[in-house]
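Take a look at the structure set out below.
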Amino acid sequence: MSAVLQIQNLKKVFGQKASLLRPSSEKLAVNDVSFEVETGKTVALVGESGSGKSTVGLMALGLLAPTSGKVIFDGTSVTDLNAKDRLALRRKIQVVFQDPYGSLNGRMTIREMLTEGMIIHKLANTPAEREERAAKLLSDVGMVPETLDRYPHEFSGGQRQRIAIARALSVQPKFIVLDEPTSALDVSVQSQVLNLLRRLQRDNGLSYLFVTHNLSVVEYMADYVCVMSRGSIVERGTIESIFDSPQQEYTKQLLRSIPSTDPTARRLGA
């Protein structure tokens, strides 16, 4: 199976180099990170706060320039794109952020949010066609079309995250970065959103980069896991190898921090 995303020797340094009048304030956030995401699969980047996982996610999206290394999407280097090609990339790669309360524009109706990308990328020719597509998107994420004229503050956290997922799907992407997409939700709502993401992946052939600190969520979602600590990948492997026979003490500590689970029922039903 081919790789839709290739991360090659990625490095990110924040801050300024030392000068005659100022000491160095540089911080190495990501150091020599490499991995691939195969088409239709989920790779999880796991680590504690400050491990560098979200920084890698931002670089994968093309929202943050790497200090060195490459992000290659569908065979094209993300870091070398001009403005026109970067806009086209925005359609292929989407993101769902952690906070469903902050990631949606409170001044826009749900209809405006779901049709904005269609207009920018010319995915629907008429208002009626956009309306039909927006209604179907809501249906796909388990919400009714009657909510199109409402605003984000009228919905619960779980509903807002469903809307955020629908917005990401509105431009028919191939790849979605999921940055802690369930950590702000109640446990019961988390399982619903995870089931939704797995179903959408199956139905649309999506590839995911799942960024999280929560290994119990990873156990349900991922095909392959990269464990990050202090900017580097310290362990990588399949779900089975990471959960059944972790090699690094850091990974063992992360595993000890999650509730006991039934090893015969690791994945949520799709």
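Filtering the range 117-143 down to residues that are in contact (Cβ under 8 Å) with a residue 24 or more places away in the chain and over 27 Å from Val37 (Cβ atoms), which residue is surrounded by the most Cβ atoms within 10 Å (Cβ to Cβ)?
Only one residue tops the list, namely Ala134.
For the range 175-197, how many residues are modelled with pLDDT of 95 or more and farther than 21 Å from Ile110 by Cβ?
2
Can you spot a residue in the range 27-37 that is under 20 Å from the mean Cα position of the chain (by Cα) and either surrounded by fewer than 14 Cβ atoms within 10 Å (Cβ to Cβ) or within 22 Å of Asn204 (Cβ to Cβ) (or both)?
yes
Looking at Gln201, Gln159, Gln190 in this structure, which one is in a helix (DSSP H, G or I) and under 13 Å from the mean Cα position of the chain (by Cα)?
Unique residue meeting the criteria: Gln201.
Taking the stated definitions as given, is Ser207 modelled with pLDDT of 95 or more, buried (at least 20 other Cβ atoms within 10 Å of the Cβ) and of a type in the set (Gly, Ala, Ser)?
So Ser207 fits the description; yes.
Please find, among Gln172, Gln190, Gln161, the residue that is touching a residue at least 24 places away in the same chain (Cβ under 8 Å), in contact with a Pro (Cβ under 6 Å, 6 or more places away or on another chain) and farther than 30 Å from Asn31 by Cβ.
Going through Gln172, Gln190, Gln161 in turn, just one is touching a residue at least 24 places away in the same chain (Cβ under 8 Å), in contact with a Pro (Cβ under 6 Å, 6 or more places away or on another chain) and farther than 30 Å from Asn31 by Cβ: Gln161.
Could you pull out the residue among Glu219, Glu146, Glu154 that is more than 18 Å from Tyr101 (Cβ to Cβ), surrounded by fewer than 19 Cβ atoms within 10 Å (Cβ to Cβ) and among the acidic types (Asp, Glu)? Steps first, answer last, please.
Values: Glu219 fails: surrounded by fewer than 19 Cβ atoms within 10 Å (Cβ to Cβ); Glu154 fails: more than 18 Å from Tyr101 (Cβ to Cβ).
Sole residue among the options that is more than 18 Å from Tyr101 (Cβ to Cβ), surrounded by fewer than 19 Cβ atoms within 10 Å (Cβ to Cβ) and among the acidic types (Asp, Glu): Glu146.
Residue-wise test of (1) more than 30 Å from Glu146 (Cβ to Cβ); (2) in contact with a Pro (Cβ under 6 Å, 6 or more places away or on another chain); (3) hydrophobic (A, V, I, L, M, F, W, C); (4) part of a strand (DSSP E or B).
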{"position": "Gly40", "(1), (2), (3), (4)": "yes, no, no, no"}
{"position": "Ala44", "(1), (2), (3), (4)": "yes, no, yes, yes"}
{"position": "Ser49", "(1), (2), (3), (4)": "yes, no, no, no"}
{"position": "Ser54", "(1), (2), (3), (4)": "yes, no, no, no"}
{"position": "Ala65", "(1), (2), (3), (4)": "yes, no, yes, no"}
{"position": "Val71", "(1), (2), (3), (4)": "yes, no, yes, yes"}
{"position": "Gln94", "(1), (2), (3), (4)": "no, yes, no, yes"}
{"position": "Asp99", "(1), (2), (3), (4)": "no, no, no, no"}
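Of Leu58, Leu114, Leu87, which residue is hydrophobic (A, V, I, L, M, F, W, C), assigned to a helix (DSSP H, G or I) and modelled with pLDDT under 90?
Leu87
Tell me, which residue of the range 41-73 that is within 27 Å of Glu219 (Cα to Cα) and of a type in the set (D, E, K, R) is farthest from the chain's Cα centre (by Cα)? Walk me through it before giving the result.
Of the range 41-73, the ones within 27 Å of Glu219 (Cα to Cα) are 41-61, 71-73.
Checking which are of a type in the set (D, E, K, R) leaves us with 41, 48, 53.
Numbers: Lys41: 13, Glu48: 16, Lys53: 11 Å.
Result: Glu48.
Given the criterion free of Cβ contacts under 8 Å to residues at least 40 places away in the same chain and over 27 Å from Pro152 (Cα atoms), identify the matching residue among Thr76, Thr42. Show your work before the answer.
Details: Thr42 fails: free of Cβ contacts under 8 Å to residues at least 40 places away in the same chain.
Sole residue among the options that is free of Cβ contacts under 8 Å to residues at least 40 places away in the same chain and over 27 Å from Pro152 (Cα atoms): Thr76.
For (1) assigned to a helix (DSSP H, G or I); (2) touching a residue at least 60 places away in the same chain (Cβ under 8 Å); (3) within 19 Å of Glu38 (Cβ to Cβ), each residue gets a yes or a no:
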| residue | (1), (2), (3) |
| --- | --- |
| Ala184 | no, yes, no |
| Leu196 | yes, no, no |
| Cys226 | no, yes, yes |
| Phe243 | yes, no, no |
| Tyr250 | yes, no, no |
| Gln253 | yes, no, no |
| Ile258 | no, no, no |
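Quick one: would you say Val171 is surrounded by fewer than 23 Cβ atoms within 10 Å (Cβ to Cβ), outside any helix (DSSP H, G or I) and at pLDDT below 95?
Yes: the conditions hold for Val171.
I'm told Met108 meets every condition in (1) touching a residue at least 12 places away in the same chain (Cβ under 8 Å); (2) more than 24 Å from Pro152 (Cα to Cα); (3) surrounded by fewer than 16 Cβ atoms within 10 Å (Cβ to Cβ) except one. Can you identify the failing condition by its number?
(2)
The values are calculated or read from the model by the stated rules, or taken from the named source; none is laboratory data. Worth saying up front: this structure is predicted, and the values here are computed from it rather than measured. When we count neighbours, we look across all protein chains shown, and the Cβ atoms used for this are built from the backbone with ideal geometry, even at glycine.
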